[in-house]
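Here the structure comes first, spelled out in structure tokens, and everything after it is commentary.
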Amino acid sequence: MDPIPVLFVAGAVGDWRIDRVAPVRGEALPSAPRLARLEGAQGDLRGIWTLRGTTSHERYVTRAEKEALRAVQPALGRADSTHAALIPVRKSKEWWDLAQDERRRIFEEQSRHVSIGLRYLPAVARRLYHCRDLGGPFDFLTWFEYAERDADRFEELVGELRRSPEWDYVEREVDVRVSR
């Protein structure tokens, strides 16, 4: 898969109405009325804030996990997905100082990140964008879409992930909830 750039631009225009911006850990992002998610977009769009990321190859997953995810992962943009969340995350220096195999142990063997996520598919569609090497304030931009009827399931998903050992390494996380 070729990398696909994405821009999240918060400002006066966008397909998504921003319902709330809440800091989970660390500094919040400024409030804005709308959010535009522009996948495949590049350039210098401006808003109250702009976050940039890119798709990348899957990391920390085994072949079996990758196939299990692909078997049930729905596409973004489903008509009934009228709710979404942008959750940018920055992990600590201690996380990045770990070797790849040590991060994998925490990610799945201790935290069960993939296993947890699989339980909520296909109700919740998701896409992960990497941005650590792009010079922005976050390492990852996580985008989730779901139907209103699945809002409680989404809350369960993020709650489980935030209670896992992996989240001990999160030093900044913002929860941006949007609807259309």
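Within segment 28-43, being closer than 23 Å to Thr54 by Cβ and loosely packed, with under 14 Cβ neighbours inside 10 Å holds for Gly40, Gln42, Gly43. If we scan segment 2-13, do we find a residue that is under 17 Å from the mean Cα position of the chain (by Cα), at pLDDT below 85 and crowded, with 16+ Cβ neighbours inside 10 Å? Scanning segment 2-13 turns up no residue that is under 17 Å from the mean Cα position of the chain (by Cα), at pLDDT below 85 and crowded, with 16+ Cβ neighbours inside 10 Å. The set of residues in segment 137-163 that are more than 15 Å from the chain's Cα centre (by Cα) and small (Gly, Ala, Ser) comprises Ala147, Ala151. Here Arg70 meets each of (1) under 30 Å from Arg20 (Cα atoms); (2) part of a helix (DSSP H, G or I) with one exception, condition (1).
Listed here are the residues, each with its yes/no results for (1) out of contact with any helix residue (DSSP H, G or I) (no Cβ under 7 Å at 6 or more places or on another chain); (2) crowded, with 17+ Cβ neighbours inside 10 Å; (3) closer than 18 Å to Lys66 by Cβ.
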residue: His113; (1), (2), (3): no, yes, yes
residue: Ala125; (1), (2), (3): yes, yes, yes
residue: Phe144; (1), (2), (3): no, yes, no
residue: Glu156; (1), (2), (3): yes, no, no
residue: Leu161; (1), (2), (3): no, yes, no
residue: Val170; (1), (2), (3): yes, yes, no
residue: Val174; (1), (2), (3): yes, yes, no
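The requirement of being surrounded by fewer than 12 Cβ atoms within 10 Å (Cβ to Cβ) and in contact with a helix residue (DSSP H, G or I) (Cβ under 8 Å, 6 or more places away or on another chain) is satisfied by Glu94.
Just checking, does segment 48-61 include any residue being aromatic (Phe, Trp, Tyr), more than 20 Å from Gly135 (Cα to Cα) and at pLDDT below 95? Within segment 48-61, one or more residues are aromatic (Phe, Trp, Tyr), more than 20 Å from Gly135 (Cα to Cα) and at pLDDT below 95.
For segment 83-96, the criterion of being under 16 Å from the mean Cα position of the chain (by Cα), modelled with pLDDT of 90 or more, of a type in the set (Val, Ile, Thr) and not in a helix (DSSP H, G or I) is satisfied by at least one residue.
The values are calculated or read from the model by the stated rules, or taken from the named source; none is laboratory data. Remember, it's a predicted structure, so these values are computed and weren't measured experimentally. Glycine gets a Cβ as well: all are built from the backbone with ideal geometry, and neighbour counts include every protein chain shown.
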